[in-house]
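Trainee: One structure, pasted below without further comment.
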Amino acid sequence: MPDIVFIILGGICILAGIAGCILPGLPGPPISYAGLIILQLTSKKPFTTDLLVIYGGLTVLVTVLEYIIPVYGAKKFHGSKFGIYGSAIGLIIGLFIIPPFGIIIGPFIGAFAGELAVGRNIERALKASIGSLIGFITGTLIKLVLSFAMAYHFISEII
């Protein structure tokens, strides 16, 4: 009976982790990793220590990169801190105003508005917005790939 509880809790974590890759405020890969750890608590102990250590390291790496990649994207396209902040605010607003498209449109508009607010011309603000958007999408895709890989291992062990 306890194994069923661990499987259900782990499955909830896997699903919440995948959702967290897209939704702001939920750390996707760490929640997915928690799902693997919870499944490891079953009597079967399906994963090797090496696999859990590798996924743990990748989770830490991706979580750190999540904050670096969008900044790098914006800076690569000559964005300012205000463009980066605008991107984050745009993501949150876009998520609630025009879901699911707001996840992509919101950061772009937010970065653009942030750059215009500090006096950048339209062309430069547009470039910074594109850089921020590319960084955000790249970070999100990396998180999704890792969380889906963990979901694959989870599912392959419970089937």
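Trainee: Which one of these is in contact with a Gly (Cβ under 8 Å, 6 or more places away or on another chain), open to solvent by 80 Å² or more (accessible area, probe 1.4 Å) and among the hydrophobic types (A, V, I, L, M, F, W, C): ILE97, ILE159? Walk me through how you get there before you give the answer.
Mentor: On the way: ILE159 fails: in contact with a Gly (Cβ under 8 Å, 6 or more places away or on another chain).
Exactly one of ILE97, ILE159 is in contact with a Gly (Cβ under 8 Å, 6 or more places away or on another chain), open to solvent by 80 Å² or more (accessible area, probe 1.4 Å) and among the hydrophobic types (A, V, I, L, M, F, W, C), namely ILE97.
Trainee: When you look at ALA111, is it free of Cβ contacts under 8 Å to residues at least 40 places away in the same chain and open to solvent by 30 Å² or more (accessible area, probe 1.4 Å), yes or no? Reasoning before the result, please.
Mentor: Details: free of Cβ contacts under 8 Å to residues at least 40 places away in the same chain: yes; open to solvent by 30 Å² or more (accessible area, probe 1.4 Å): no.
For ALA111, the condition - free of Cβ contacts under 8 Å to residues at least 40 places away in the same chain and open to solvent by 30 Å² or more (accessible area, probe 1.4 Å) - is not met.
Trainee: Is it the case that the stretch 6-14 has a residue that's out of contact with any strand residue (DSSP E or B) (no Cβ under 8 Å at 6 or more places or on another chain), in a loop (DSSP other than H, G, I, E, B), touching a residue at least 24 places away in the same chain (Cβ under 8 Å) and under 17 Å from PHE148 (Cα atoms)?
Mentor: The first filter runs over the stretch 6-14 and keeps only residues out of contact with any strand residue (DSSP E or B) (no Cβ under 8 Å at 6 or more places or on another chain), leaving 6-14.
Add one more test, that the residue is in a loop (DSSP other than H, G, I, E, B), and what stays is none.
Within the stretch 6-14 (the criterion being out of contact with any strand residue (DSSP E or B) (no Cβ under 8 Å at 6 or more places or on another chain), in a loop (DSSP other than H, G, I, E, B), touching a residue at least 24 places away in the same chain (Cβ under 8 Å) and under 17 Å from PHE148 (Cα atoms)), the answer is no, since none of the residues qualifies.
Trainee: Could you please find all residues in the stretch 20-56 being in a helix (DSSP H, G or I), among the small types (Gly, Ala, Ser) and surrounded by fewer than 14 Cβ atoms within 10 Å (Cβ to Cβ)? First the steps, then the outcome.
Mentor: Quick first cut of the stretch 20-56, residues in a helix (DSSP H, G or I) only: 20, 28-40, 49-56.
Checking which are among the small types (Gly, Ala, Ser) leaves us with 20, 28, 32, 34-35, 56.
Those that are in a helix (DSSP H, G or I), among the small types (Gly, Ala, Ser) and surrounded by fewer than 14 Cβ atoms within 10 Å (Cβ to Cβ): none in the stretch 20-56.
Trainee: Under 7 Å between Cβ atoms, which residue pairs at least 6 apart in sequence (or on different chains) link something in the stretch 119-147 that is charged (D, E, K, R) with a partner that is in a helix (DSSP H, G or I) and surrounded by fewer than 24 Cβ atoms within 10 Å (Cβ to Cβ)?
Mentor: Hits for this filter: LYS143/VAL62; LYS143/GLU66.
Trainee: Determine whether the stretch 71-83 contains at least one residue that is modelled with pLDDT of 85 or more, open to solvent by 40 Å² or more (accessible area, probe 1.4 Å) and farther than 26 Å from ILE130 by Cβ.
Mentor: Let us first name the residues in the stretch 71-83 that are modelled with pLDDT of 85 or more, namely 82.
Checking which are open to solvent by 40 Å² or more (accessible area, probe 1.4 Å) leaves us with 82.
If we keep only those that are farther than 26 Å from ILE130 by Cβ too, we end up with none.
The answer is no, given that none of the residues of the stretch 71-83 is modelled with pLDDT of 85 or more, open to solvent by 40 Å² or more (accessible area, probe 1.4 Å) and farther than 26 Å from ILE130 by Cβ.
The values are calculated or read from the model by the stated rules, or taken from the named source; none is laboratory data. Computed from a prediction, not measured in an experiment: that's the story for all the values here. Note that we place each Cβ from the backbone using ideal geometry, even for glycine, and neighbour counts take in every protein chain shown. Surface areas here come from the heavy atoms of the whole protein model, side chains and all, with no ligands, DNA or RNA. Shrake-Rupley method; radii C 1.70, N 1.55, O 1.52, S 1.80 Å.
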